[in-house]
Each structure stands twice: as structure tokens, then as C-alpha cells.
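**Q** Take this structure first; my questions come after.
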Amino acid sequence: MTTIRDVARKANVSVATVSRVLNGSSKVSQKSKDAVLAAQKELGFYLNANARALAQRDSHTIGIVVSDVSDPYFGAMVRACDDAIHDKGYNLIVGQGHHNDARERRAIDDLISYQCRGLIVHALALDEDTLRSYLETVPYMVMINRVVPGYESRCLACDNYQGERLAVDELIAHGHRKIAYINSCHSILDAQERLQGYIDSLQAHGIKYDPRLVFSGEPSLEGGASAAHELLKHLKPKHDFTAVACYSDVMAAGLMGTCHHHQIRIPEDISITGFDNLFLGKCLIPSLTTIDNPVKLMAEEAIARSLQLYEGLPIAPPHRIDVSLIARDSVRDINHDEAAQFIPLW
């Protein structure tokens, strides 16, 4: 195995000079730099980042744990975090938890072992006691999409409840009163808050909540399609329901695909709303009415808080990230069809 000493001998310089060149130091002559880089290329040598981090008790890396990078939401989150640290000279290391407590624990432990300078964690399967232990042990760890009591300033989440209320209010404003709901099958904070927003919006407008209109699945394209199959197996579009509010844009996309397969037109036969405002929603036909969950803002704030905590600096008070309605083409106005009337509450 080629070592840094081999590179030094090949370039006829000291080991310290090789180290300075490969770490990007400017305190080296151009002649020495060229010799080291030529030797590195010829020998195929690269610094061991793990060993360097252990030696320095630090690394120029930021760690992030997400559920699944194939999910467009988490792909957008990872991209936003990477963009936020690029100009600062950091690299991003990504772990995946897949809504499984053992995999979430392993992903967090792996990133801690890399001596990351910042740590952003999306972990919804681990219990609160375990997360409290991590937050206590790793003082620069920041949670996203989950609030752990006692650590609110290190937890970032959007206003899930208000977001779903806005989505259902939009459907009611367009005359819909038979509104189904497709939720995540995981017993997690955002799923609970969004479901409660759905329920409270119905009841605030005098519509009785009917649990038979609620279905769930994995928070994925496949999960949305699976929940849609169950919905259509038990309920008849236009008769039992005229609209469906969905936990996420991704699940809404799965629902729309299933509807197309069953020749159910959107929004002519049923209206649909999503949540997250992913670019995916703009590409669907029709484009998806949704709730803007500002992923870029959350990523930037999470990175900033984690780095500030690492440096021992004060961070901003806890708060929920605001959401807003993005009205597009997947909601049809049926007020004239059913002579329904919407009474604003605000």
C-alpha cells in the first residue's frame, strides 16, 4: 500500500511538505507543489480522511441523517445542505435511517465516529430518550422535522398543523365537503400534526370527521399508490369523496398515477392537494396544489445552528418555520355543482 512517505521520496520533498500540499496549504513553493502532485498521481495516493480527522480531533465534514435519499424531499434536503456548506469549504456525509430505529442509530453513530464538525439528524423512529442522550452527548447535533422537549432551540420543524389546515381550507373554499386523507403510516410528529390539521379544518367548517375517509401508506411514491388502491377499493370517487388531501407531494404523485390508471380525471373527477412544494409537483399533470415547506431555509438554518453550537456560540430562539399555500391546477371549484358555500373563519 502506497504511503505518504512514498510520495515524499518520489517527489524528493519532506513528508510535511506532502501533507501541506495535499491539505491545500499555500505555504509551499510551486516547484514542490508540482512535484508532489505529479508523484501523487503516479502513485495513486490520497490522504486518509478518517485518520486525519482522528489525529486532528476534527474534520472538515458535516454529517446529515435522512430517511431515504431516493425520496425527492430528502434529496432536496441533502442538496440544500450541501449548497449551504460548499462556500465554507466543508464536505457533506450522508447517512440513511429508513424509518428504522436500528438503522437510524447506526447512521448517527457512524457520523459521530467521523468527528464531523456539524451534525443534522432526521430520525423519526428513535424514541425520545435515545435522542435526548444523543443531544446531550453531541452538543452540536440539530434535529430536523422533530421536536424533542427540552431541546427546542436545537430542533427545526415546519408548522405541519397550520399547513394541512391551509390545504383542507382550500378544498373547502372550492366547495368540497367529502374530503379523504392519505397519511404516512408512521406514528411520527409531522404525520400526527398534519392529520390533526385535516380534522380541525373539517370540524371548523361544520364537516363531521369520518375516520373511514383516512388511509395511510409509506411516505413514498409506492406508498401513495398503495394507499390510493385501498381508497378506491372502499370508496367511490365523486360519490363518497370529491377530494383527497395528501401527507406529501410524493404520496400525492402516487395517488395521481393510480387515478390515471383507473381513468379517474384530476381535477374533473377528484381534486388533490399535496404538502412540501417539491419541484415534482410542478411537473405533474395537472400541476399540484400544495403547501410550501421551505426545505432550503430549513437546511440553511440547521447548518448554521449546528456550526454555531460547535463553536460554542449562542443560537436563535426556537420557532416553527412558516408554511404557505401554493395554488395550482389540481383543485377544481365545485361550488356551483353542489351549491356549497364556504364561510371564512379569518
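The values are calculated or read from the model by the stated rules, or taken from the named source; none is laboratory data. Fair warning: this is a prediction, and the values are worked out from it, not measured in the lab. We place every Cβ from the backbone using ideal geometry, glycine too, and count neighbours over all the protein chains shown.
**Q** With touching a residue at least 60 places away in the same chain (Cβ under 8 Å) and among the hydroxyl-bearing types (Ser, Thr, Tyr) as the only criterion, which of THR258, THR242 stands out?
**A** THR242
**Q** Has the range 298-311 got at least one residue that is modelled with pLDDT under 95, part of a loop (DSSP other than H, G, I, E, B) and either over 20 Å from the mean Cα position of the chain (by Cα) or surrounded by fewer than 16 Cβ atoms within 10 Å (Cβ to Cβ) (or both)?
**A** The answer is yes; a qualifying residue exists.
**Q** Working only within the range 177-191, note down all residues that are of a type in the set (Gly, Ala, Ser), out of contact with any helix residue (DSSP H, G or I) (no Cβ under 7 Å at 6 or more places or on another chain) and touching a residue at least 40 places away in the same chain (Cβ under 8 Å).
**A** ALA191
**Q** Here's a follow-up. Of all residues in the range 20-37, count the ones that are outside any loop (DSSP other than H, G, I, E, B) and within 42 Å of the chain's Cα centre (by Cα).
**A** Qualifying residue count, the range 20-37: 6.
**Q** Determine whether the range 120-132 contains at least one residue that is touching a residue at least 12 places away in the same chain (Cβ under 8 Å), surrounded by 20 or more Cβ atoms within 10 Å (Cβ to Cβ) and in a helix (DSSP H, G or I).
**A** Yes, the range 120-132 contains at least one residue that is touching a residue at least 12 places away in the same chain (Cβ under 8 Å), surrounded by 20 or more Cβ atoms within 10 Å (Cβ to Cβ) and in a helix (DSSP H, G or I).
**Q** Among residues belonging to the range 177-192 that are in contact with a Cys (Cβ under 9 Å, 6 or more places away or on another chain) and within 12 Å of SER220 (Cα to Cα), point out the one that is surrounded by the most Cβ atoms within 10 Å (Cβ to Cβ).
**A** My answer is ILE182.
Residues are listed down the side, and each one gets a yes or a no for (1) modelled with pLDDT of 95 or more; (2) within 16 Å of ARG332 (Cα to Cα); (3) not acidic (Asp, Glu):
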{"site": "ASN183", "(1), (2), (3)": "yes, no, yes"}
{"site": "HIS186", "(1), (2), (3)": "no, no, yes"}
{"site": "GLY197", "(1), (2), (3)": "yes, no, yes"}
{"site": "TYR209", "(1), (2), (3)": "yes, no, yes"}
{"site": "TYR247", "(1), (2), (3)": "yes, no, yes"}
{"site": "MET251", "(1), (2), (3)": "yes, no, yes"}
{"site": "ILE272", "(1), (2), (3)": "yes, yes, yes"}
{"site": "LYS282", "(1), (2), (3)": "yes, no, yes"}
